[in-house]
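> My structure is below; once you've seen it, I'll send some questions.
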Amino acid sequence: MKKSKQTQLNPNWVQLQQKLKLNGSKASRTFNNSEEDTPKSILGKRKERQDDESNDCQINPLIPVNGDSSLTDAVAMDCEMVGVGEGNKSALGRVTLVNKWGNVIYDEFVRPIERVVDFRTKISGIRPRDLKKGKDFWTAQKNVAELIKGRILVGHALNNDFKALLLGHPKKDIRDTSEYQPFLKSSKRRALRHLAAELLGVKIQTGEHCPIEDARAAMLLYQRNRKEWENSIKDQFRFKQKQKKQKQKKKQKNEDASNANHTGIGS
């Protein structure tokens, strides 16, 4: 008797095929359902779920759009302070720099020159273990000075950061979000968290401060207003140049008048 050429399928394989076929038909029915065939109660729940998912999936504008960590023409800086010495004076505990896309180019904890008496953790987020592995102050200061040299520096209340770093920066290259006229309210400075909430739609500084987040917020505020901001800087420069020329003309006129008087007396 000849053996049948028909291949005998494994019973388990047959069951698996049937199961996959059944699941496939269910899936096709699920995805092919039209809204006309769907009960209103289910449609309502589906819409609520979609609305919730839409709210949860809102893009955070502070998240960089790329991974480019190169040094750009504009950088933003933010520092966190700790308390040192008698009187709990502010000293640099962490310094962060991000480029124009918000990617970190420098972020270091810093060991102050004086003894730390208050880590101010609730605001600074700095803990004793952080400073143990931190850079010494003079190294951090040198690194920051090299990175910001010749570049537009963005930040919020940068005078406090300069004071902590014992550094300066050309005024023409500073873009301080606490001083930009359109950001002021009744000529008063506003906190960075208020500017971020109102103008960027993001919440920052809700607990321990994150200097990366704060630097990104300042940079985004600058980038979104860069054209108008730079034009205002140019207008200020032209105005100052005009004033300078007027003063020079006035000085020259006075000198010419003085010389004429002396010449008249001598004759």
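> Over region 189-267, what percent of the accessible surface lies on carbon and sulfur atoms, probe 1.4 Å?
49
> Could you state the principal axis extents of the C-alpha atoms in region 126-267, from the largest down, to the nearest angstrom?
That works out to 84, 37, 23 Å along the principal axes.
> In vacuum, with every alpha carbon of region 76-188 counted as one equal point scatterer, what does the Debye formula give for log10 I(q)/I(0) at q = 0.19, 0.21 Å⁻¹? Two decimals, please.
-1.01, -1.16
> Sort the following peptides by mean Cβ neighbour count (other Cβ atoms within 10 Å, averaged over residues), highest first: 220-226, 151-157.
151-157, 220-226
> Skip the ligands, DNA and RNA, and give the accessible area per residue of region 197-267 with a 1.4 Å probe, whole Å².
76
> In nm, to one decimal, how far is the Glu114 label point from the Arg226 one, both placed 7 Å along Cα→Cβ?
Label at Glu114, label at Arg226, 4.0 nm between them.
> Let me ask something else. Take peptides 162-171, 86-95 and line them up by average Cβ neighbours within 10 Å, highest first, as a rough protection proxy.
Going by the mean number of other Cβ atoms within 10 Å, highest first, we get 86-95, 162-171.
> Based on the mean of other Cβ atoms within 10 Å per residue, sort peptides 104-116, 123-135 so the most packed one is first.
Those peptides, ordered most packed to least, come out 104-116, 123-135.
> Let me ask another. Go ahead and run the numbers for FRET between Lys142 and Thr121, Cβ-Cβ distance against an R0 of 25 Å, rounding to 0.05.
0.40
> Another question about this same structure. Please calculate how many Å² of accessible area region 71-164 carries per residue, with a 1.4 Å probe and no DNA, RNA or ligand atoms counted.
I get 48 Å² per residue for this part.
> Rounded to the nearest 0.05, what FRET efficiency do Ser187 and Gln241 have when you use their Cβ-Cβ distance and R0 = 35 Å?
Once rounded, the FRET efficiency stands at 0.85.
The values are calculated or read from the model by the stated rules, or taken from the named source; none is laboratory data. Treat the numbers as computed from the prediction; the structure is a model and nothing was measured. We place every Cβ from the backbone using ideal geometry, glycine too, and count neighbours over all the protein chains shown. Remember, those area values only see protein heavy atoms, side chains included, never the ligands or the DNA or RNA. Shrake-Rupley method; radii C 1.70, N 1.55, O 1.52, S 1.80 Å.
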